[in-house]
Amino acid sequence: MNYNADEKGYYGEFGGAFIPEMLYPNVEELRQNYLKLMYEDSFQKEFNQLLKDYVGRPSPLYFAKRLSEKHGCKIYLKREDLNHTGAHKINNTIGQILMAQKLGKTRIIAETGAGQHGVATATVCALMGMECIVYMGEIDIARQAPNVARMKMLGAKVRPAKSGSRTLKDATNEAIRDWINNPVDTHYIIGSAIGPHPYPDMVTRFQSIISEEIKWQLKEHEGRENPDYVVACIGGGSNAAGTYYHFLDQPEVGIIAVEAAGKGVNSGESAATSALGKVGVIHGCKTMLMQTTDGQITEPYSISAGLDYPGVGPMHSHLFKSGRAEFYSATDDEAMAAGLELSQLEGIIPAIETGHAFAIFEHKKFKKDDVVVISLSGRGDKDLNTYIDYFKLA
Amino acid sequence: MSNRITTKLQEDKKLLSIYFTAGYPALNDTVQIIQDLEKNGVDMIEIGLPFSDPLADGPTIQESSTAALKNGMTTEIIFNQLKDIRKTVSIPLIIMGYFNPMLQYGVEAFCKKCQEIGIDGLIMPDLPLDVYKEDYEATFKKYGLINIFLITPQTSDVRIQQIDDASNGFIYMVSSASVTGSKSGFGQEQESYFERIASMNLKNPQIVGFGIKDEETFKQATKTAKGAIIGSAFIKHLTANGTDKTAEFTKLIR
């Protein structure tokens, strides 16, 4: 089976470009050019140079000895938290800002949930001297104050999304409306593996550097390129897409996705799309989606602002539906406990999003010799206030 | 029976079409609003099916959609409200909404219901041309529904030709690069866009929407086009004046 996008952007039955005509010229321009541009030698050279000198890649693949002892398997951490700006998000924004330049765009817009993608976008806009507007849900602005400040300091304008649940999905709506209103000079840097084709495929390819590095790094550590499992948390699914990419066609590698169950999958306050969703259309693509029987999109909940998206990227819907990936979900409490455990066993404070991936050990027992690579997608500095409140650290 | 949209387009006049969100201001205002619009000389009506995430709409229609959903509006309720509409209303009726609610209802079941009620056409902005042609055109046609596509000032001539070929009613000409309800007045840019489209001699007439709110903008829009659609301005009128002052609104247009 093929797990990548076909020419029209479909992963099995999922994907495509369900966009109003107002967006067609921009999306079509991108569709026609993205592969050609991104694999030009000069593009690759500039992209890789920036990833090395500016982002600090390759990010280490670290053998987590104490965590491994605790959970009875061999655990490696892919340290995306050590990237410049503190998460995997910058891999994609570097790629897309170069793409925007090649397309002659001068103004950048983005949506953000936790603020990591907003910060990564504001960062590359500062780097390239481009105007930057970031849409962010009003609620997320309140709970991710440090990232809002970072974006402002980097010169970006942060515009609150005040409609709906006032979180990531609504910020995405606002960014799309901005693009409709500014169809000529603007490029929309989508931060997750969602949106109309070619976004899911383009974002996945820019993030695929994660699994590309895992392969040669694991070879150095273990003498083999393929782990037994790769594990990632999933909101829209960009870090997961990049972590899985080079293993999708390697059947011996188990693919594990951990969604946010919020207060429990059936609590009514959850973001566990694979368990609660059905096929629908959101933000320009057909994918698994949390919705009412009437087709109204449900407002998701998670303690982590980066995971409370009511859908998953179309690639992940296909991985779920085809059975290629195992899907689990972790509650707020499980993710927070896993974050604390990682902090105290390995000296690494993860983002709460990332904490969900580490909660896998609550749900799955690995064998002693299993090599398990977990994508440590982001660091926890931005979540300190939430950690302080939750663990009463103050 | 020929489609009411087709018949209406043959009339020798500029057409005034009004959009409103079903379920707004109150859940059960739908039928009265439609009847009043017809009584006051409106030529065609777009009944908005509210959606939680209307990404092509500005604040006015977003807010009316949110309010309609809070009032309890669903696809099933709209169909129930409209089931006897053809006993009292004869002008063309179009359902305008986003694709996901239609998909969840079932595209065929949705189209069948529309035919039973006497709906003449559909506008689904996020159902793109290629998906429509491949997957749904046959179903729309089976139930006698005209699908209406949008074009914008950025749409290429080649694409406009493709849309013209796939259309069998009218083309919804979005007046400017914007979401609904956001621009005030038309400038030189719109004029030249209107003229460019007029000079293409398309087989389908065009009806202009987005940014029309009064007599002046209606006249500008219909100089070359067959008609114009008013949405946000009418919803603002409903918000400010309630449902029983429709005549005051339509008088301001023509």
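The values are calculated or read from the model by the stated rules, or taken from the named source; none is laboratory data. Everything numeric in this text was worked out from a predicted model, so none of it was measured. When we count neighbours, we look across all protein chains shown, and the Cβ atoms used for this are built from the backbone with ideal geometry, even at glycine. Keep in mind that these areas ignore ligands, DNA and RNA; they rest on the heavy atoms of the full protein, side chains included. Shrake-Rupley method; radii C 1.70, N 1.55, O 1.52, S 1.80 Å.
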How big is the dipole moment of the range B:148-254 about its Cα centre under a simple scheme where the beta carbon of each Lys and Arg is +1, that of each Asp and Glu is -1, and everything else is neutral? Debye, nearest 20, please. 160
Counting other Cβ atoms within 10 Å, keep those with at most 11, restrict to DSSP loop, and tell me which trypsin sites (Lys or Arg not before Pro) in the range B:1-57 are left. B:Lys13
Along the dipole axis of the range B:40-110 (charges at Cβ: +1 for Lys and Arg, -1 for Asp and Glu; origin at the Cα centre), the most positive-end residue among B:Ser65, B:Phe79, B:Phe110 is B:Phe79
In debye to the nearest 20, the charge dipole size for the protein assembly as shown, taken about the Cα centre with +1 at each Lys and Arg Cβ and -1 at each Asp and Glu Cβ, equals 380
Cut-off under 5 Å, modelled amide H: who pairs with B:Ile146 long-range: B:Gly121, B:Leu122
In sequence order, calculated HN-Hα J values of the range A:188-196 (Karplus, 6.51, -1.76, 1.60; Hz; x Gly/Pro): 9, 8, 6, x, 10, 8, 10, x, x
Here the whole-number average of other chain Cβ atoms within 10 Å per Cβ of A:87-99 is 0
In whole Hz, the Karplus estimates of ³J(HN,Hα) for the range A:142-156 (6.51, -1.76, 1.60; θ = phi - 60°; x where Gly or Pro) are 5, 8, 10, 3, x, 5, 4, 4, 4, 4, 5, 5, 7, x, 8
Reduced to Cα centres, the span from the range B:158-210 to the range A:264-302 in Å works out to 35
Can you put A:Phe63, B:Phe51 in order of accessible area, largest first, using a 1.4 Å probe? A:Phe63, B:Phe51
Only helical DSSP H runs with n ≥ 4 go in: add -39500 (n - 2.57) per run for chain A, normalise by residue count and round the 222 nm mean residue ellipticity to 500 deg cm²/dmol. -12000 deg cm²/dmol
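Filter the trypsin sites (Lys or Arg not before Pro) in the range A:349-394 to those in DSSP coil with at most 13 other Cβ atoms within 10 Å of their Cβ, and list the result.
For trypsin sites (Lys or Arg not before Pro) across the range A:349-394 that sit outside H, G, I, E and B with at most 13 neighbouring Cβ atoms in 10 Å, the list reads A:Lys365, A:Lys367, A:Lys368, A:Lys392.
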For the range B:71-168, compute the number of Lys pairs whose alpha carbons are separated by less than 13 Å, excluding pairs fewer than 8 positions apart on the same chain. 6
From the square roots a ≥ b ≥ c of the eigenvalues of the alpha-carbon gyration tensor of the range B:38-154, which class results: rounded (a/c under 1.5), prolate (a/b over b/c), or oblate? rounded
Arrange the residues B:Thr88, A:Thr93, A:Thr298 by how much accessible surface each exposes, largest first, with a 1.4 angstrom probe. B:Thr88, A:Thr298, A:Thr93
Assigned charges on the beta-carbon of Lys, Arg, Asp, Glu; the range A:313-394 dipole about Cα centre (debye): 340
What is the distance in Å between the Cα centroid of the range A:306-380 and that of the range B:18-88? 44
Candidates A:Ala305, A:Ala272, A:Ala126: whichever shows maximal mean-square fluctuation once chain A is modelled as a Gaussian network with Cα springs under 10 Å: A:Ala126
Selection of GluC sites (Glu not before Pro), the range A:1-61, meeting DSSP coil and at most 15 other Cβ within 10 Å: A:Glu7, A:Glu13, A:Glu40
Towards the positive end of the charge dipole of the protein assembly as shown, with charges on Cβ (+1 Lys, Arg; -1 Asp, Glu), say which of A:Pro60, B:Ser167, B:Gln35 has the farthest Cα. B:Gln35
Karplus-derived 3J(HN,Hα), 6.51/-1.76/1.60, for each residue of the range B:159-169, Hz, glycine and proline x: 5, 4, 4, 4, 5, 4, 4, 7, 8, 9, x
Could you list which residues have their amide H under 5 Å from that of A:Ile75, counting only those 5 or more apart in sequence or on another chain, with H placed in the peptide plane? A:Ala64, A:Ser68, A:Val372
Among A:Ile189, B:Tyr136, A:His88, whose Cα sits farthest toward the positive end of the charge dipole of the protein assembly as shown (+1 at Cβ of Lys/Arg, -1 at Cβ of Asp/Glu, about the Cα centre)? A:Ile189
